[in-house]
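The values are calculated or read from the model by the stated rules, or taken from the named source; none is laboratory data. Predicted, not measured: the structure shown is a model, and the values here were computed from it. Please note: Cβ atoms are built from the backbone with ideal geometry, for glycine as well, and neighbour counts cover all protein chains shown. Just the protein is used for accessible areas: all its heavy atoms, side chains included, with ligands, DNA and RNA removed. Shrake-Rupley method; radii C 1.70, N 1.55, O 1.52, S 1.80 Å.
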Amino acid sequence: MDHTERARRFEAVIHAAPDFISIASLDGQVEFVNEPGRALIGMDAATDLSRLKVADFLTADGQAESALNERPAVLKDGQWSGFATLRDWRDGSAIPVAVTSFMVRDVVTDEPIALASIQQDLRPSLGQQHAVAQAESALAESERRHQAFLLHMSDILLVVTATGGLKYASPSATRVLGYPDGWFVDTDLLDLVHPDDRESTRHALADMVSLRTEGPIGLRLRSADATFRSYEALANNLIDDPAVGGILVLVRDVTDRNKTERAERTQAKVLELIAAEAPVSTVLSALALSVEDQLEETICTVLLAERSTEGAVFRHGASPSMPSGYARELEGRSIAGDPSPCGLALRSRTPVLVADIMTDERFATMRELATSCDVRGCWSFPVLSPNSGDLLGTFALYTRDPGLPDDRTTAIVARASRLAAITLERQVLLGRLAYQAHHDDLTGLPNRMTLLARLSDRLLAAEDGTSGPGVVFLDLDRLKIVNDSLGHDVGDELLVRIAGRVADAAPEGAIVARFGGDEFVILVDRLEGADDAGLLVERVLAAVAEPVLLAGRSFTPSASAGVVIAARGQSATEVLRDADIAMYRAKHGGGSRYAFFTDDMRRRAFDRLELEEQVRHGLAAGEFRVFYQPVVDLTDHDALVGFEALLRWQHPTRGLLGPASFIELAEETGLIVDLGEWVLGTVATSAARWSERFPWFRGTLAVNVSGRQLGSPHLLPAVRTAMARMAPWSLGLELTESTLMEDTVSTRGLIEDLVSSGASLAIDDFGTGFSSLSYLTRLPVSTLKIDRSFVLDLDNPGALAVAATVLNLASSLDLTVVAEGIETPAQREALLGLGCRYGQGFLMGRPLPETQALEFLRTSAGEVRRSG
């Protein structure tokens, strides 16, 4: 290959580099700038470089900085690294770059002939807080990369013809493969390839030409010392590129990587064998082969130390690469006085490293055996129990050449010794794992899997006509309170105590299992009817309910229970399902009680499941509607002051449904979160439309918020988004007393954030059973809503007193009161007489779809406009 051709190829490579690369004469005359360099500074391809000096590429500040630095002096010694500021040829702006400059020398005379620079754009990293550190890192990386590239990279870069002829080999090829300079000229790549790989390499080159495919290609190349190593070649077909005219191949040595991957595969196989409970000999043989695969030119053996009446003796464990005579020679030999390195390693409990058995006088009696096995070095490591520290055997490596192990070898053998110890203790380990697989870690009770198996056995035994087994499904009522207030560790302590109480209260022969979380199941062979079952459950619930001292606090636990007597033909899963359904019914009834399963419960459970799917579908299909009930000023001729948004479901077969048909289910399943966000968006859209029609009307739109929504991180953003769209209308959020009674720091913080965002807070259904009113002083409440049950019964002195009390309380706390459910003029007058200003109910307006609500608003807004 002539000089011109080599230059063309080198220039093609430089143009493919990602950074600005330039070459200048020793007097600063620019001779070459690669294409990425021109693109970086906006230089047109037609720009004549012969009229430009290096300084012409710098800004004025960059020229001044260059004049002060020591770059020329340093370059005499090799290279210079630092920062510079290039001039953007399009607008004169500054481009900060990291620079690596070095002297290019004649390969024959070693005289300097040019100055080369590699410049990396630093702008992407500027402007950040750690810009200096990133720039320094980028500079260091640039130095390393370009030094590796221009000062002989570790990979080999080749250009080959379609048939494998070598047209170019990078200088690294001579260093990596060990051949002298110039050796690759007119050489065929296939001559370097391992004979077994030549055909596949030839096909790969042919496919690359005909199919335009690209690497990677796996192959083995011969070094100058006639050894083969594994390489991975990434190829790019540039035959049609006149600057290259061949296939560009980047070759990387992957010998060590392949060894590592192979070792990982063999070790994984060993672990699989252990997990599959393979015979000990099989596992140890695989382990020995794994070590031999990682450490070339070594032979691995495993000897076991077995206790006998005469003392500890050797038993053969594994020696897959040793001659058969080795195992016969050592089998059954007493360890006490054994002269081998393995015997000494066991007695001393430390590794014994013998560089050469043939010269070490301690092991002269072993020389005949070593000669028959063709080994010299022996490194024996004791295998100790990871639990008790007992001696289990030895892990030994033999080498055909004398020597001692290096750190890598020692680490590999140490890891293998640990695996051997695990293998030898497998029976104990498997027993422990079997126990853990069938028992709960926390309580020690049988776990769900064991329960299902035992229940299945009992059900199968009951097929002969005897009565089926009985199941009691228990669920603690308030474990979450303990976890949230005292911590999960205390909650775990409670579970352990409850497990003991349930086990003690269960009848003899019963199986008590922890089903999961705070759920326990009692399985008895048979229950003689409801009375027998009732006595059992009452005894268990009474035992659970005994007060317990937790973290210095007295706590009285309780549980809900579901009871089922298995029917013939049922599976274990079906029986537990029925018991769970019954338990849920007991918990839904208030907890601390039990319920017997009935077929009606299952039907209701299926109905609930079907309803849940219908709610999901209805939300996705747009079947839900928002109705608006007017809220009026009773003292101002029932003038409109706002609406309460009420959710309705336009069911495709059941018609228009109120919230009582689906809200409870939505709460339990979490669908209320999606429904609530949809209501907020719909209300905001309505308010926006109303504001366009009646921009002078100011009112409040109230939306009900559930406790489940307060736990959603999406509530606050959804409220803020809604308020941003609905001005000049304001947003009111109505929460029930029960929700606020579950006052937590996180709930309180969220409510304060909601009110700070501009929403107002009202307490819905006020006065319906909760006596603690402390939340009225802790939370930013602005409105109380008297529950309709009191309004409907105002002719009753008790209800009238409650209403008066609420109004007096609100007045003292400067809160607004809205009375709900006003249906008659008498109720309206009674409330006015008590001083109640605001109300809603059928008397003033029923819940209306948006079109009718808009008409109601049109009338009210017109009145407001006329009065204004």
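Got the relative contact order for the chain handy, in percent, Cα pairs under 8 Å and 6 or more residues apart?
Working: 1454 pairs, mean separation 41.8, N = 868.
RCO, the chain: 5 percent.
Given bins 5 angstrom wide, list per bin the percent of all Cα-Cα distances in region 627-764, short to long.
It works out to 2, 9, 18, 23, 20, 15, 9, 4, 1, in whole percents.
Using a 7 Å offset from the Cα along the Cα-to-Cβ direction at both R526 and R347, what is the distance between the two label points in nm, to one decimal?
Taking the simple label geometry, R526 and R347 are separated by 6.9 nm.
Compute the helix-to-body angle for 407-424: its Cα long axis versus the longest principal axis of the chain, expressed 0 to 90° and rounded to tens.
The answer is roughly 50 degrees.
Could you tell me how far the Cα centroid of region 666-741 sits from the Cα centroid of region 341-372, in Å?
Answer, in whole Å: 84.
Alpha carbons only, please: Rg and Dmax for the chain, in angstrom.
42.8, 121
Cα centroids of region 509-530 and region 466-495: how far apart, whole angstrom?
If we compute the Cα centre of each part, the gap is 13 Å.
At 1.4 Å probe size, with every protein chain present, just tell me what the per residue accessible area of the chain comes to in Å². Walk me through the intermediate numbers first.
Details: 42910 Å² over 868 residues.
That works out to 49 Å² per residue.
So how much slack lies between K480 and S554, counting 0.36 nm per residue of separation and subtracting their Cα-Cα distance, in nm? Provide the component values of the computation, followed by the final result.
Details: separation 74, 0.36 × 74 = 26.64 nm, distance 1.59 nm.
Result: 25.0 nm gained on full extension.
In nm, to one decimal, how far is the Q436 label point from the H714 one, both placed 7 Å along Cα→Cβ?
3.9 nm
Of all trypsin sites (Lys or Arg not before Pro) in region 196-299, which ones are in loop regions per DSSP and have a Cβ with at most 13 other Cβ atoms within 10 Å? Before the final figure, lay out each step's value.
Numbers: sites: R198, R202, R212, R220, R222, R229, R252, R257, K259, R262, R265, K269; in loops: R212.
Within region 196-299, the qualifying trypsin sites (Lys or Arg not before Pro) (loop, at most 13 other Cβ atoms within 10 Å) are R212.
Angle between the Cα long axis of helix 426-438 and the longest principal axis of the chain, 0 to 90 degrees, nearest 10?
The answer is roughly 20 degrees.
Net charge near L716: determine it from the other residues with C-beta under 12 Å of the C-beta of L716, scoring Lys and Arg +1 and Asp and Glu -1. Please list the in-between numbers first.
Working: positive: R720; negative: E677, E752, D753.
Result for the neighbourhood of L716: -2.
Using a simple spin-label model with points 7 Å from Cα along the Cα→Cβ vector, what separation in nm is obtained for D186 and R202?
Inter-label distance under the simple model: 2.3 nm.
Check which residues have an amide H placed less than 5 Å from H651's amide H, if you skip close sequence neighbours.
Close amide H contacts, sequence-distant or interchain: L656, L657.
GluC sites (Glu not before Pro) within region 695-757: which are DSSP loop residues with at most 15 other Cβ atoms inside 10 Å?
Filter output for region 695-757: E742.
Only sites in a loop by DSSP and with at most 15 other Cβ atoms within 10 Å count here; which GluC sites (Glu not before Pro) in region 285-389 make the cut?
Details: sites: E292, E296, E297, E306, E310, E329, E331, E361, E368; in loops: E296, E297, E310, E331.
Within region 285-389, the qualifying GluC sites (Glu not before Pro) (loop, at most 15 other Cβ atoms within 10 Å) are E296, E297, E310, E331.
May I ask you to give the percent of accessible area on region 552-605 that is carbon plus sulfur, with a probe radius of 1.4 Å?
Of the solvent-accessible surface of region 552-605, carbon and sulfur hold 49 percent.
With θ set to phi - 60°, apply the Karplus curve 6.51 cos²θ - 1.76 cosθ + 1.60 along region 32-41 and write out the HN-Hα couplings as whole Hz, x wherever there is a Gly or Pro.
Along region 32-41, the couplings run 7, 9, 6, 4, x, x, 4, 5, 4, 9 Hz.
Place +1 on the Cβ of every Lys and Arg and -1 on the Cβ of every Asp and Glu in the chain, take the dipole about the Cα centre, and give the residue among T266, M103, G798 whose Cα lies farthest towards its positive end.
Value computed over the given set: G798.
Long-range amide H contacts for R376: which residues qualify at under 5 Å (H placed 1.01 Å from N, peptide plane, sequence gap of 5 or more or a different chain)?
T399, R400, D401
Sorted by average packing, counted as other Cβ atoms within 10 angstrom per residue and highest first, what order do 407-413, 14-20 take? Don't skip to the end; give the middle numbers.
Values: 407-413: 15.0, 14-20: 17.0.
So the order, starting with the most tightly packed, is 14-20, 407-413.
Could you give the length gained on full extension between D636 and E111, defined as 0.36 nm per residue of separation minus the Cα-Cα distance, in nm? Mind showing how you got there, number by number?
Numbers: separation 525, 0.36 × 525 = 189.00 nm, distance 10.39 nm.
Stretched fully, the D636-E111 segment lengthens by 178.6 nm.
I need the calculated FRET efficiency for the pair R123 and D241, taking r as the beta carbon distance and R₀ as 41 Å, to the nearest 0.05. Working shown, then result.
Numbers: r = 31 Å, r/R0 = 0.75.
For R0 = 41 Å, the calculated efficiency reads 0.85.
Full extension from T669 to T777: what is 0.36 nm times the residue separation minus their Cα-Cα distance, to one decimal in nm?
Working: separation 108, 0.36 × 108 = 38.88 nm, distance 3.21 nm.
Result: 35.7 nm gained on full extension.
Taking amide H positions as placed in the peptide plane 1.01 Å from N, state which residues far from S592 in sequence (5 or more) or on other chains have amide H under 5 Å from it.
A559, S560
Considering only protein heavy atoms and a 1.4 Å probe, what is the carbon-and-sulfur percentage of the accessible area of region 661-704? Before the final figure, lay out each step's value.
Values: 900 of 1710 Å².
About 52 percent, which is the carbon plus sulfur part of the accessible surface.
Among residues other than G444 whose Cβ falls under 13 Å from its Cβ, what is the net charge (Lys/Arg +1, Asp/Glu -1)? Intermediate values should be presented prior to the final figure.
Numbers: positive: R497, R514; negative: D440, D441, D492.
Net charge in that neighbourhood comes out at -1.
Hey, what's the Cα Rg ratio for region 747-813 versus the globular rule of thumb, 2.2 N^0.38 Å?
Values: Rg = 13.4 Å, N = 67, 2.2 N^0.38 = 10.9 Å.
For region 747-813, the normalised Cα radius of gyration is 1.24.
Each residue of region 280-288 in order: what ³J(HN,Hα) in whole Hz does its phi give by Karplus 6.51 cos²θ - 1.76 cosθ + 1.60, θ = phi - 60°, with x for Gly and Pro?
The phi angles translate into 4, 4, 5, 5, 5, 5, 5, 5, 5 Hz.
Using Cα atoms only, what is the angle between the long axis of helix 671-693 and the major principal axis of the chain, expressed in degrees (0 to 90) to the nearest 10?
The two axes meet at around 70 degrees.
Along region 748-763, what does the Karplus equation 6.51 cos²θ - 1.76 cosθ + 1.60 (θ = phi - 60°) give for ³J(HN,Hα), rounded to whole Hz, x for Gly and Pro?
4, x, 5, 4, 5, 5, 4, 5, 5, 6, x, 7, 9, 10, 10, 9
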